[in-house]
Structures are given as structure tokens and as C-alpha cells.
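J.: One structure coming up, written as C-alpha cells, with questions to follow.
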Amino acid sequence: MFFQDLSGAHSSVEPATPQAGRIANLWWVMFYVSVAVLALVTAALIYAVFRRRSAREQTAPVDLSPNTNRERKATRAAAVALAVTIAILFVLLGLSFTTGRAVSFLSNESPLEIKAVGHRWWWEFQYVDPVPSRGFITANELRLPQGRQIVLTLTSNDVIHSFWAPNLMGKKDLIPGQESRLIFRPEKQGVFRGQCAEFCGFQHAQMGFLVLVESDGDFSDWYNHESQQAVQPSNDSEKRGRQVFLSSTCVMCHTIGGTPANSNIGPPLTHLASRTSIAAATLTNSRENLAKWVTDSQKIKPGNRMPPNVLGPENLDDLLNYLTSLK
Amino acid sequence: MINERSKPGKAHIETATLDVERDRAELERSWETRPGFIGWLTTTNHKSIAIRYIVTAFIFFLFGGILAALMRIQLARPRSEFLGPDAYDQVFTVHGSTMMFLFAVPIMTALGLYFVPLMVGTRNVAFPKLNAFGYYVYLTGGILLYLGLLSNTGPDTGWFSYVPLSGPDFAPGKRVDIWAQMITFTEIAALVAAVEIIVTAFKMRAPGMSLNRIPLFVWAMVVTAFMIIFAMPAIMLASSMLATDRLTGVSTHFFNPAEGGDALLWQHLFWFFGHPEVYIIFIPGTGIVSTLIVTFARRIAFGYTALVLSLISTGFIGFGLWVHHMFATPLPQLGQSFFTGASIMIAIPSGVQIFCWIATLWLGKRLELKTPLLFVLGFVFTFVIGGLTGVMLGSAPLDLQVHDTFFVVAHLHYVLIGGAIFPLFGALYYWFPKWTGRLMNERLGKLNFWLMLIGFHLTFFPMHQLGIQGMPRRVYTYLPETGWGALNLLASIGAAVLTAGVIAFLINVFWSRRHGAPAGDNPWNSDTLEWATSSPPPSYNFLYIPTVRNRYPVWTVEPDTPVVAGLRTDVREALVTHTITAAPDHRYELPNSSIWPLVLAAATAVTFIGVIFTAWAIPIGAALTFIALVGWFWPNSEPAALEAERHRSLPTGDGLSLEQQT
């Protein structure tokens, strides 16, 4: 499964977009310049400390009127060092400015527009379609077609969050009452991980999301499927499961398309079973994990807003059957 | 109170015989602090108050360090259950708030409160009662924060307390109110210290110490004090607005977008203070470094003027960087570029200082690698790394990747531990003999230094990589699959080594206080005036106010160097001189011990703590404050005998004379 090892899936220096690539290049330039500067300064410092002193230099207790010739030389050396410093800083400033422009402008082609809304502690992704009825909302998993320009509009319903998927682009804050925008074009297929980067309370640490970059075909299939309402229960157990869902507190926070459940305090579950993870990219989406999460999510993510649910074993079984059927 | 006014101008120098024994006895009597607990509460001696500040701030440093250790235990492995999110959020918030507000700023200003009067050659700070008030206010703020933490009411929204997370809707209870009021307490104390330092350094310098002869440490403290005066009001305003937003029945909605407020307003106000704050902590460190380097290189500072101008320009540019904490918010790209420019530009004065320090060491005499100097060298290396990562953070596009990640955690600790704590420890080793009369142990000192240096880099260097690999800040845990486990474990091991270094320091302090080698007046052969008096200095600092002919008064003292005579010894009197030339201007009577600073601080405490619960605390507090101020300003009646004495001991002419000691 995807949860084996994610160490390269959230790295600023393994870019999957030209935008993240520009920033990674800037990083490497600054990194090597910094290494060089540090090496020079440290060498000068070590030499200054351990320089062999002549006997005459050591005798006088303090030096109140130093040798003017040496002072003049030292002044010249310091001036050169300062000039080099200023030159380096101007080059870095120029690079920084051009990189900033390059990563914040749209190209002419029509982008895929997605709206991201931050919630404590999950991600709402609204796919805006020119045909309104085909638009849909999903949670914690962003699927993107390879090679298409993406415009993410970001806002929040509660506190400030920050959208950060390092392989795709730098972060942007989701601020209540304001909209911000991220632009990037994924050019590598794969699974990438992102995480909230602005402290937002108890479960800030585990407010993750996954970005799945797919081929155009796979993406359209998924898109068309997501536009549909939830599948109908196919057997009695699933029917009872739906009844459990609709008659318990679940319905007060979640949406399942095509049922009366229509609230967005928690993530929408219309196509829950087609997602690879649950609990904001914290657990693999398995029946076992779902059971643990539904009964006592506070044990897994203390402070999150989902209450523990006391369900009889049969009811739980039916509910899980229903939820896992929501492909 | 001003006793005498004299025309500014050239003071005349006379030769006279001074009755040293009589003057000393009288000074002892008029400057003595009452013994016992009452004396402790009423003292206005800048040295007692500064030492209290330093000890208190260091205790808060240890508390903050314990909190840091708890965090490193929690993060040592993924999915640890040592601390839950509720505890972790309180711990990291109180750690940051402690280190910034209760440790770093107070301990640096405290060094200024102790040494600025000594270095400029005067008897006390300009407003001794206000100084005492500042300490009590600071102490109350610190106790308030820790009472909160111990009663599970510790603030939990970060030391930056971003709204709306810290607003009434998302942070119910009193946790954030305690944070907001702690800010108000400590910033009042900082403003008080800043006023003391500026007036003392500008108006109370020894004759001859013109602006271009002020010791570099004093310059650093003056620049810091001006920065405090411009930066701290922004945060006090913001924290008070937050408090009124949160206060039931007042609910001002300054920061509530749903009612026409603005969430980003908080960030502007906070960082307008928050970025200069970094320089408020760092600039005193540079003052320490300049002082120690001159002493150990045994030569004059290379580029004195360049060093001073660098400090001043850092002070100015430091106010133009705050938006680089907000590059991830939707601000226009061109606007961000200006802040990138300013952020990168501030590297220039820092570079100038580093080049001047290296040149001073290079051209100096053979260096004895004593502990204070080791800390200075550790500072240069560490701070250069922090400065370079600072340039990266200043770059708007690169910042989008590293902002709010462990890369920033690494950077800020390189700048603050490297830039301030290493110099501070160097300063504590350097000035310990001045405070106690005894040198600290060198072997323990070296052990202390190496443990701290290695522990520090082990802890914080891996965090750069963690940030680049996607680990955000302020997370109480992380998943095993993230691949962050190994580097976090390394960081936690480093933290243990760092802790051992601090323990070595504590052992050294307690051992050396009793058993350290006796230091004498000037153990390091230093050049500034605090070494021209005994160790520890008498309550009146100097028997006679010294005069100064160049930047290095102690190195150039001669038997016929004049001293100031004619100041009264039977009351607490100090000499006021001209701001630019330091020519004697007039005499100034400083207040005696007083209980009123404590009373006023208590009234302030009632107001600020009360306002957490009810708006009625404001009128009640105002009435109490009024009463305390009446007591504070109530004139002292002077006995007739003393009045007669006043006329007898007054010299003729402009009331002052510079006399050659014979």
C-alpha cells in the first residue's frame, strides 16, 4: 500500500512540478553559496585565532596604537569582503525575484480550478465544474491530472491553516475571510503527501492529505465517478448500515450524496471507499481502521471533533458494510 | 531632583587633596540598603535589581529548557504517547513565550542595567525607583504564566497566538488571556529598562566620555533600548486588543472577520514587534562579543565606527522585515519583494560586524582560549550559519517551502542560541568575577562549552533537513511512514548533550561562588570602567566619578588622571553630563530606597490580572494606581541639619570641579 514509506513524498527537493523545480533550484544555489561563505568565514576565524605571532607582538600588554600599515591592509581586506558580500546578496535577491515571478503567474491555457477549504482538522476539496451539477466535493485526497495547470483557491471556515505539498509547490495560508491562490502543473505521476503547516490546534500535527497525480484517462474516470451520487445499498446488511448512519449522530456532521445526510462539519463520505486513507491521511482505509475510527477516534487523534460512538456489534458491522460499499 | 544648574562648557581642573576616608564612609552610609527583608523589597540599587533580574531570568531559562526537553522526549520517536496534544500545545507555547519574554529580553536588558551605569562611570541608573518597579512587574508576569501552566491553564496557541485560533470562538477558557496579560507585564518591564538604559547612557556618562568614546556594549544596549521603545508598544496594543476581543461583555471583534475585523491585522501588529524582537535579543549579544574580543585580543577594536554604525543600521532595518513572516499569506508579489530586499540587506551590517571581529582577533595579540572567548568563537561559527539560513528565509519563493517547518525551528535556534545564548554564557563567565569576586572554574567551563556546542549542533542541525523533507513546526507527533524518525531521534540525543552542558554550568556557578580563584578588580585586564572598581563593586560604584580621555579608559589610566570631586556624599547624588560631549552639566539627586515601586507593581498586577475576569478591574486598578503614585511622588522633607550640610560642602563656581587626586 501507499503507506509503506513516504519519505520522498513530501520533499521540497524532489519536485514534481516546474514551480517546485524552480524553488528547488533556488534552494541549491543558496545552499552552495552558503557552504562556500561558511567555509571562508570559518577559515578566516581559525587563522585569526591560531596565527603564529611574532615575539614582539606578544610582549606588549595591550596594543593601543596598532601598526598603521597592517591596519590599512586589514581595512582593505574587510572592504573587499564586504563588497563580495553585497555582490552575492544582490545576485541572490535577483534570483529570488525572478523565481518569485515565475512561480506566481498563470500560463494562457485554461486551468483546472479547485477550491480548498480548511477545517479543523480535515481538507475539503471542491472541484468546480462548468456544469454545476457535475461539480463535487471530496476530502483529504486531491486527485490531479498529469500535465494540466492547476489553480487552487484557498480559504478557511474556522482558523488559519496552510496548504503544503512540498513536491508540488510552496505553501499558502487558508485564512478565514480571505482567498489565496496557488498555481502549479504536476508533471510526474505518483502519490505525494501534504500537511497543514500553520498551527491550528489539537490535531494540527495529523491534518494531512494525499495528492494523487494520474494520467488524464484515469483522472477523467475518477472525476466522472465522483460526480455521481453514492451507490445504493446492495444487500440487507448495507441497508441496515445506512439506517444506522442516518439514525445516529453521524448524520449531523457528514454528507452522503443522495441521502438526507448533508452536513459539512466533517468530511463527505459519498465515495469514502474509493479513498486510500482515512482520518486526514493518517490511517490506511481498511475496514479494521474504519471500525477503530468510528468507535473511538479520540484514541487515535485526541481532541479531534468526532465523538466516540457506542454501537452494538451488529450495528457496527452493518455500518462498516455500508461504508465500505461507498465506492 | 535638580540641585544645581551650571553652564555647559569646559570644566576647570584643579589639584586638591581629597579626604578619601571621610568620603568613603559617607558614601557607604548614604548608599546603604536597609538590612533584612524590608531592605530587600525596597532597594533601588541597580546592581541588586539587575542581579535579581539575571537570576530570575536564568531560572525561567531552566524552566523553558525543561519544557524543551519534554518536547524532545515526545518527538524522539513517531507516534509517541508521552505527551498528548493538549499538554504538548501548552508546553511549546510556554517554552517559546518563556524564552522570548521571560528569559532572553530580560536577561539582556538586565546585563545593561548592571553594566551601563558602571561602564559610563556613574552611581546608579537614571530612575532607580522605576527600575525596581520594572522588576516586580516582570516577576508578576512570569509567575502568572507558570501558575497558569501548573493549573492546566497554560496558553496553548503558540507564542505568536494567531487569531482566530486564539480568539474567543476557538480558544475558550482563560489560557490565552493569561498569555496576553503576561505579554503586557513583561513589555512594561522591558520599556522601563529601555528608558533607564537610554537616559543613563546619554545623560550620566563620566566627563570626557563623548559619544565617540562610549563602550561598544553600551552602544549595543542603547540601540536595543530604542528598538524596545518602538517595537514593544505594537505587541502591547495587539495583546490588549486580543484581550478585549475575548473579554465577555466587551467583545470588540478587532480580529473577527465575521464582524468586520481582520485576521491578518494581528499578524502585522505581532510581527512588527516580533521581528525587531529578534534583534532586541541579538544586538546585546553583539555588544558582548565586541567587548570580549577587544579584551582577549588585547588591542583596540578594529572598526569601532563601523561597528557602531552597523548596530544602528541593524536597528533601523530590523523594522522593515516583518512581512517575511507572512510570505505565505495572500500579499501582492511586488510588495513581498521589498521585504525580501530588506531581509537580505540586513545581512550587510551583520557581515560588517563579523569582518571587524575577525580582523580584531587577527591583528590582536596571542589569544588565550579561556571559556568566555570560546563562547565567542562558537558564536561566530553558529551565527554565520543562522545568518545564511536567514537569507534563505528572506527570499519569498524559497520561504514558501521552508516557512513554518523545522527548517525555521533550526534557523531561529541558530540565531537565538548561537547569536544570543553563546555570547550570554561567555558574558556570564566574563563578568562572574565582577559580581562575586571569584573566577569561574576553567576546566568545568571548557567542558560546559564543548557540551553545549556539540549538543546544540546535534540538536538543531538535523532540523534543517527535517524541514526540507516536509516536517512542519508545532506538531506533537508524526507518523512512522514519514521517514522523520531517525533525524528526530538524533535531535533528541543532541538535546540531552546540550542539557548536560547547562548542568555543567550550574555546577560551575555553585562551586566557583565558594571555591573559585579570587579575581581582584580586573582579572581579564579589560578596558572598560566596570573594571575600575572593586569586585563586587561598592553600592555607590565609584568612590570618585572617573574621567575619560579615550575609548579605553582602564588601559590608559595614569596616576594623574583626574576624578570628579564636589558631588555630595551625604545624599545620593550623581553627575549629569551633556549628551554629545559628556561635559559636566549639573548634579542630580537620586532617590533613596522606597516601598512604592512594589506598591505600584501590586496595583498594576491587580489591574492586569483582574481584567482577565472583569472589565471592572480597570477603574478599580486605576484608583489603586493613583494611590500608589501619590505615595511615589510624595516629597521627602529634609532635616535642617542636612540642609546646612548641603551648603557647607558645596564647592564654589559651577558646583563641580575635576580634581587631580594627590
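The values are calculated or read from the model by the stated rules, or taken from the named source; none is laboratory data. Worth saying up front: this structure is predicted, and the values here are computed from it rather than measured. No Cβ is skipped: glycine too gets one built from the backbone with ideal geometry, and neighbour counts run over all protein chains shown.
J.: Can we say residue B:517 is within 14 Å of chain A (Cβ to nearest Cβ), over 23 Å from the mean Cα position of the chain (by Cα) and either surrounded by fewer than 21 Cβ atoms within 10 Å (Cβ to Cβ) or basic (Lys, Arg) (or both)?
T.: Considered against the rule, which asks whether it is within 14 Å of chain A (Cβ to nearest Cβ), over 23 Å from the mean Cα position of the chain (by Cα) and either surrounded by fewer than 21 Cβ atoms within 10 Å (Cβ to Cβ) or basic (Lys, Arg) (or both), residue B:517 comes out as no.
J.: Has the stretch B:498-509 got any residue that is crowded, with 20+ Cβ neighbours inside 10 Å and within 16 Å of residue B:431 (Cα to Cα)?
T.: Checked the stretch B:498-509: at least one residue is crowded, with 20+ Cβ neighbours inside 10 Å and within 16 Å of residue B:431 (Cα to Cα).
J.: Let me ask something additional. Can residue A:193 be described as surrounded by 23 or more Cβ atoms within 10 Å (Cβ to Cβ) and either at the interface with chain B (Cβ under 8 Å from one of its Cβ atoms) or in a strand (DSSP E or B) (or both)? Give the steps one after another, and end with the answer.
T.: Working: surrounded by 23 or more Cβ atoms within 10 Å (Cβ to Cβ): yes; either at the interface with chain B (Cβ under 8 Å from one of its Cβ atoms) or in a strand (DSSP E or B) (or both): yes.
Yes, satisfied.
J.: Looking at (1) more than 8 Å from every other protein chain (Cβ to nearest Cβ); (2) among the small types (Gly, Ala, Ser); (3) crowded, with 24+ Cβ neighbours inside 10 Å, find the lone condition where residue B:396 falls short.
T.: Tallying (1) more than 8 Å from every other protein chain (Cβ to nearest Cβ); (2) among the small types (Gly, Ala, Ser); (3) crowded, with 24+ Cβ neighbours inside 10 Å, residue B:396 fails exactly one: (1).
J.: Now for a different question. Name the pairs: first residue in the stretch A:76-90 and among the polar types (S, T, N, Q), second residue part of a helix (DSSP H, G or I) and surrounded by 13 or more Cβ atoms within 10 Å (Cβ to Cβ), Cβ to Cβ under 6 Å, at least 6 apart or on different chains?
T.: A:85/B:351
J.: Would you mind telling me which numbered condition in (1) free of Cβ contacts under 8 Å to residues at least 24 places away in the same chain; (2) under 26 Å from residue A:7 (Cα atoms) residue B:59 fails?
T.: (2)
J.: If you go through the stretch A:173-192, how many residues are over 30 Å from residue B:167 (Cβ atoms) and of a type outside the set (S, T, N, Q)? Write out each step before concluding.
T.: Applying the first criterion (over 30 Å from residue B:167 (Cβ atoms)) to the stretch A:173-192 yields A:183-192.
Remaining after also requiring of a type outside the set (S, T, N, Q): A:183-188, A:190-192.
Qualifying residue count, the stretch A:173-192: 9.
J.: Answer with yes or no whether residue B:338 is crowded, with 21+ Cβ neighbours inside 10 Å and either within 11 Å of another protein chain (Cβ to nearest Cβ) or farther than 26 Å from residue A:156 by Cβ (or both). Before the answer, list the steps.
T.: Working: crowded, with 21+ Cβ neighbours inside 10 Å: no; either within 11 Å of another protein chain (Cβ to nearest Cβ) or farther than 26 Å from residue A:156 by Cβ (or both): yes.
Considered against the rule, which asks whether it is crowded, with 21+ Cβ neighbours inside 10 Å and either within 11 Å of another protein chain (Cβ to nearest Cβ) or farther than 26 Å from residue A:156 by Cβ (or both), residue B:338 comes out as no.
J.: Sticking with this structure for a sec: Looking at A:188, A:171, can you tell me which residue is more than 7 Å from every other protein chain (Cβ to nearest Cβ) and in contact (Cβ under 8 Å) with a residue 12 or more places away in the chain? Reasoning before the result, please.
T.: On the way: A:171 fails: more than 7 Å from every other protein chain (Cβ to nearest Cβ).
Every option except A:188 fails the conditions.
J.: Something else: I'd like to check which helices (runs of 4 or more DSSP H) are fully inside the stretch B:591-662 and have at least 1 residues that are at pLDDT 90 or above and more than 27 Å from residue B:183 (Cβ to Cβ).
T.: Numbers: elements: B:596-610, B:617-633, B:640-649.
By residue number, B:617-633.
J.: Here is a follow-up. Out of all the residues in the stretch B:384-393, which are in contact with an Asp or Glu (Cβ under 8 Å, 6 or more places away or on another chain) and more than 9 Å from chain A (Cβ to nearest Cβ)? Walk me through it before giving the result.
T.: Taking the stretch B:384-393 as the starting set, the residues that turn out to be in contact with an Asp or Glu (Cβ under 8 Å, 6 or more places away or on another chain) are B:392-393.
Of everything in the stretch B:384-393, just one residue is in contact with an Asp or Glu (Cβ under 8 Å, 6 or more places away or on another chain) and more than 9 Å from chain A (Cβ to nearest Cβ), namely B:393.
J.: From the set of residues in the stretch A:106-132 that are touching a residue at least 40 places away in the same chain (Cβ under 8 Å) and more than 29 Å from residue B:162 (Cβ to Cβ), which is nearest to the other protein chains (Cβ to nearest Cβ)?
T.: In this case the residue turns out to be A:106.
J.: Now for a separate question. Kindly indicate the residue of the stretch B:276-303 that is more than 12 Å from chain A (Cβ to nearest Cβ) and aromatic (Phe, Trp, Tyr) and also surrounded by the most Cβ atoms within 10 Å (Cβ to Cβ) among those meeting that condition.
T.: So, considering only residues that are more than 12 Å from chain A (Cβ to nearest Cβ) and aromatic (Phe, Trp, Tyr), the one surrounded by the most Cβ atoms within 10 Å (Cβ to Cβ) is B:279.
J.: Give B:496, B:486, B:491, B:504 a once-over and let me know the one that is within 14 Å of chain A (Cβ to nearest Cβ) and not in a loop (DSSP other than H, G, I, E, B). It would help to see each step written out before you state the result.
T.: On the way: B:496 fails: within 14 Å of chain A (Cβ to nearest Cβ); B:491 fails: within 14 Å of chain A (Cβ to nearest Cβ); B:504 fails: within 14 Å of chain A (Cβ to nearest Cβ).
Step by step, each of B:496, B:486, B:491, B:504 is checked, and only B:486 is within 14 Å of chain A (Cβ to nearest Cβ) and not in a loop (DSSP other than H, G, I, E, B).
J.: For the stretch B:429-473, give me each residue that is farther than 26 Å from residue A:30 by Cα and among the aromatic types (Phe, Trp, Tyr).
T.: Residues satisfying the conditions are B:429, B:430, B:431, B:432, B:435, B:449, B:450.
J.: Suppose we filter the stretch A:25-61 for residues that are closer than 18 Å to residue B:388 by Cβ, surrounded by 14 or more Cβ atoms within 10 Å (Cβ to Cβ) and facing chain B (nearest Cβ under 9 Å); how many remain?
T.: 12
J.: Just to be sure before I move on: is residue B:309 more than 11 Å from chain A (Cβ to nearest Cβ), assigned to a helix (DSSP H, G or I) and surrounded by fewer than 22 Cβ atoms within 10 Å (Cβ to Cβ) in the structure I sent?
T.: Numbers: more than 11 Å from chain A (Cβ to nearest Cβ): yes; assigned to a helix (DSSP H, G or I): yes; surrounded by fewer than 22 Cβ atoms within 10 Å (Cβ to Cβ): yes.
Criteria met by residue B:309.
J.: Just one of (1) more than 22 Å from residue B:329 (Cβ to Cβ); (2) more than 14 Å from every other protein chain (Cβ to nearest Cβ) trips up residue B:412, so point out which.
T.: (1)
J.: Do you know which of the residues in the stretch B:360-383 that are facing another protein chain (nearest Cβ under 7 Å) and surrounded by fewer than 22 Cβ atoms within 10 Å (Cβ to Cβ) is modelled with the highest pLDDT?
T.: B:381
J.: Return the residues of the stretch A:86-117 that are touching a strand residue (DSSP E or B) at 6+ places or on another chain (Cβ under 8 Å) and either on the phi > 0 side of the Ramachandran plot or modelled with pLDDT under 90 (or both); say none if nothing qualifies. Spell out how you get there, then give the answer.
T.: First pass over the stretch A:86-117, keeping only residues touching a strand residue (DSSP E or B) at 6+ places or on another chain (Cβ under 8 Å): A:103-106, A:111-117.
A:104, A:105, A:106 - these are the residues of the stretch A:86-117 that are touching a strand residue (DSSP E or B) at 6+ places or on another chain (Cβ under 8 Å) and either on the phi > 0 side of the Ramachandran plot or modelled with pLDDT under 90 (or both).
J.: Among the residues of the stretch B:466-483, write down those that are part of a helix (DSSP H, G or I) and at the interface with another protein chain (Cβ under 10 Å from one of its Cβ atoms).
T.: The initial filter retains those residues of the stretch B:466-483 that are part of a helix (DSSP H, G or I), namely B:466-468, B:480-482.
Listed by number, the residues that qualify are B:467, B:468, B:480, B:481, B:482.
J.: Identify all residues within the stretch B:549-567 that are crowded, with 18+ Cβ neighbours inside 10 Å and either more than 14 Å from chain A (Cβ to nearest Cβ) or over 29 Å from the mean Cα position of the chain (by Cα) (or both); write none if there are none.
T.: Across the stretch B:549-567, the qualifying residues are B:562, B:563, B:564, B:565, B:566, B:567.
J.: Applying the selection to the stretch A:133-145, what residues are of a type outside the set (Val, Ile, Thr) and within 18 Å of the chain's Cα centre (by Cα)? If you could, list the steps in order and put the result at the bottom.
T.: Taking the stretch A:133-145 first, the residues of a type outside the set (Val, Ile, Thr) are A:133-136, A:139-145.
Hits for the stretch A:133-145 are A:139, A:140, A:141, A:142, A:143, A:144, A:145.
J.: What is the one condition in (1) within 14 Å of chain B (Cβ to nearest Cβ); (2) crowded, with 22+ Cβ neighbours inside 10 Å; (3) in contact (Cβ under 8 Å) with a residue 24 or more places away in the chain; (4) not β-branched (Val, Ile, Thr) that residue A:142 does not satisfy?
T.: With respect to (1) within 14 Å of chain B (Cβ to nearest Cβ); (2) crowded, with 22+ Cβ neighbours inside 10 Å; (3) in contact (Cβ under 8 Å) with a residue 24 or more places away in the chain; (4) not β-branched (Val, Ile, Thr), residue A:142 is out only on (1).
J.: Looking at residue B:575, is it buried (at least 18 other Cβ atoms within 10 Å of the Cβ), touching a helix residue (DSSP H, G or I) at 6+ places or on another chain (Cβ under 8 Å) and not in a loop (DSSP other than H, G, I, E, B)? Walk me through how you get there before you give the answer.
T.: Values: buried (at least 18 other Cβ atoms within 10 Å of the Cβ): yes; touching a helix residue (DSSP H, G or I) at 6+ places or on another chain (Cβ under 8 Å): no; not in a loop (DSSP other than H, G, I, E, B): yes.
Considered against the rule, which asks whether it is buried (at least 18 other Cβ atoms within 10 Å of the Cβ), touching a helix residue (DSSP H, G or I) at 6+ places or on another chain (Cβ under 8 Å) and not in a loop (DSSP other than H, G, I, E, B), residue B:575 comes out as no.
J.: While we're on this one: In the stretch B:458-494, what residues are under 31 Å from the mean Cα position of the chain (by Cα), crowded, with 22+ Cβ neighbours inside 10 Å and among the aliphatic types (A, V, I, L, M)?
T.: B:463, B:475, B:491
J.: Let me ask something else about it. How many residues does the stretch A:141-166 hold that are more than 19 Å from residue A:187 (Cα to Cα), of a type in the set (S, T, N, Q) and touching a Pro at 6+ places or on another chain (Cβ under 6 Å)? Let's see the steps before the verdict.
T.: Step one: filter the stretch A:141-166 for residues more than 19 Å from residue A:187 (Cα to Cα), giving A:153-163.
If we keep only those that are of a type in the set (S, T, N, Q) as well, we get A:153, A:155-157, A:162.
Within this subset, residues satisfying the condition of being touching a Pro at 6+ places or on another chain (Cβ under 6 Å) are A:156.
Of the residues in the stretch A:141-166, 1 are more than 19 Å from residue A:187 (Cα to Cα), of a type in the set (S, T, N, Q) and touching a Pro at 6+ places or on another chain (Cβ under 6 Å).
J.: The conditions are (1) on the phi > 0 side of the Ramachandran plot; (2) within 24 Å of the chain's Cα centre (by Cα); (3) within 10 Å of chain A (Cβ to nearest Cβ), and residue B:404 fails exactly one of them. Which is it?
T.: Among (1) on the phi > 0 side of the Ramachandran plot; (2) within 24 Å of the chain's Cα centre (by Cα); (3) within 10 Å of chain A (Cβ to nearest Cβ), the lone unmet condition for residue B:404 is (2).
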